[in-house]
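The values are calculated or read from the model by the stated rules, or taken from the named source; none is laboratory data. Small disclaimer: the values here were computed from a predicted structure and weren't measured. Using ideal geometry, Cβ is built from the backbone for each residue, glycine included, and neighbour counts are taken over all protein chains shown.
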Amino acid sequence: MEDTLDPEDIRRALTAAHLYYVQDRTMEAIARELGTSRSTVSRLLSRARATGIVDIRIRSPFAAPQLLEQNLADRYGITAHVVPVPDDASDVERLERVATAAAHLLGDLVVPDATVGIAWGSTTAAVSRRLVPKAVHGTTFVQLNGSGNTRTTGLLYASDILSRFAVAYGGSAQQFPVPAFFDDPRTKHAMWRERSTTRILDMHAAMDLVVFSVGAADSRVPSHVYSGGYLEPEELAALDQEGVVGDVATVFYRLDGSTRGIELNDRATGPRFDVLRRVPSRVCVVSGVDKRDSLRGALAARLVTELVVDEATARSLAE
């Protein structure tokens with residue numbers, strides 16, 4: 001992989017980055033000091049950014065995204081990270097920009113010896129592909145909810161997401177090999193007593209950080225739980241009748257954040273919201289105005305401490 005550096009490259013990239021960004025030296029001066037060419041210095045600086053040695057941030061108190069961040073912080077008691085995206089950007093480009101911003105934020109939040117919960121889905125998959133490598137000792141990434149359905153085990157899809165996190169941070173991955181939804185609540189309750197399952201549930205109870213998005217049935221970039229064969233037509237109809245606006249890790253909720261009386265939740269394998277609310281840092285990544293109501297429900301349920309969201313969605317939420 002091009003951005004994988006050996007120890008000598010790391011030392012040279014670190015030296016070049018310090019001279020350029022801290023000491024304000026020119027590339028020509030750095031090239032002379034290192035006894036190399038200007039193009040090599042440029043390459044070292046690029047690799048320093050790509051591998052997380054250098055983290056560049058832009059903050060302006062006058063920019064619209066920052067004003068929206070303050071608005072959302074005041075209204076919802078969260079830390080908001082609003083990503084500037086042109087209004088005419090495609091849905092795919094919007095998701096890519098938001099996922100990239102979330103990946104850089106996680107570089108600050110993932111710490112040694114932590115347990116990090118990951119909810120599979122289209123958005124977290126996009127984030128996983130943009131993670132900046134960072135060696136973090138002893139961190140475990142655990143799957144939040146099962147991924148199997150009547151068509152597939154879902155293990156490869158969920159495993160790919162988990163593995164990208166584990167590889168990027170040098171941690172370990174723990175899958176949750178159960179269906180996304182059981183056919184019968186009694187089967188779930190029996191399975192939850194099995195030692196192999198309680199081991200994962202105990203990890204959920206001890207999470208330090210959780211990363212998720214919100215699902216929405218009518219999102220233009222389809223939420224995987226709605227597009228991947230997990231829900232039958234009669235189940236979708238029942239969710240609509242129960243006033244459901246979205247889900248987090250296959251646990252469904254209404255606009256006011258309530259979950260009581262939603263039958264499918266009795267068969268879902270995602271963590272209950274009281275479990276999620278005990279996690280100190282809860283990062284929600286959302287792209288697209290068509291997820292606004294689903295995001296509002298998650299905020300009403302107090303599931304979010306850090307929100308990464310595109311500017312148009314943030315503006316719609318604030319209005």
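What about THR40, is it within 20 Å of the chain's Cα centre (by Cα), assigned to a helix (DSSP H, G or I) and polar (S, T, N, Q)? Judged against the criteria, THR40 is not a match. Taking first residues from the stretch 169-184 that are under 27 Å from LEU109 (Cα atoms) and in the same structural domain as VAL111 (by TED's automatic domain parsing) and partners that are assigned to a loop (DSSP other than H, G, I, E, B) and of a type in the set (Lys, Arg), the Cβ contacts under 6 Å between residues at least 6 apart in sequence or on separate chains come to TYR169/LYS134. Whenever a residue of the stretch 83-104 is at pLDDT 90 or above and surrounded by fewer than 21 Cβ atoms within 10 Å (Cβ to Cβ), its partners that are assigned to a loop (DSSP other than H, G, I, E, B) and among the small types (Gly, Ala, Ser), lying with C-beta atoms within less than 7 angstrom and at least six residues away or across chains, give the pairs ASP91/GLY288. Across the stretch 105-120, the number of residues qualifying as in a loop (DSSP other than H, G, I, E, B) and surrounded by fewer than 18 Cβ atoms within 10 Å (Cβ to Cβ) comes to 3. For the stretch 294-311, filtering for residues that are in a strand (DSSP E or B) and surrounded by 22 or more Cβ atoms within 10 Å (Cβ to Cβ) leaves 4. The number of residues in the stretch 190-219 that are closer than 21 Å to ASP247 by Cα and small (Gly, Ala, Ser) comes to 6.
Here's the yes/no breakdown for (1) more than 18 Å from the chain's Cα centre (by Cα); (2) under 28 Å from PHE141 (Cβ atoms); (3) surrounded by 24 or more Cβ atoms within 10 Å (Cβ to Cβ); (4) in contact (Cβ under 8 Å) with a residue 24 or more places away in the chain:
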| residue | (1), (2), (3), (4) |
| --- | --- |
| PHE212 | no, yes, yes, yes |
| TYR226 | yes, yes, no, no |
| ALA238 | yes, no, no, yes |
| THR259 | yes, yes, no, yes |
| PHE273 | no, yes, no, yes |
| VAL289 | no, no, no, yes |
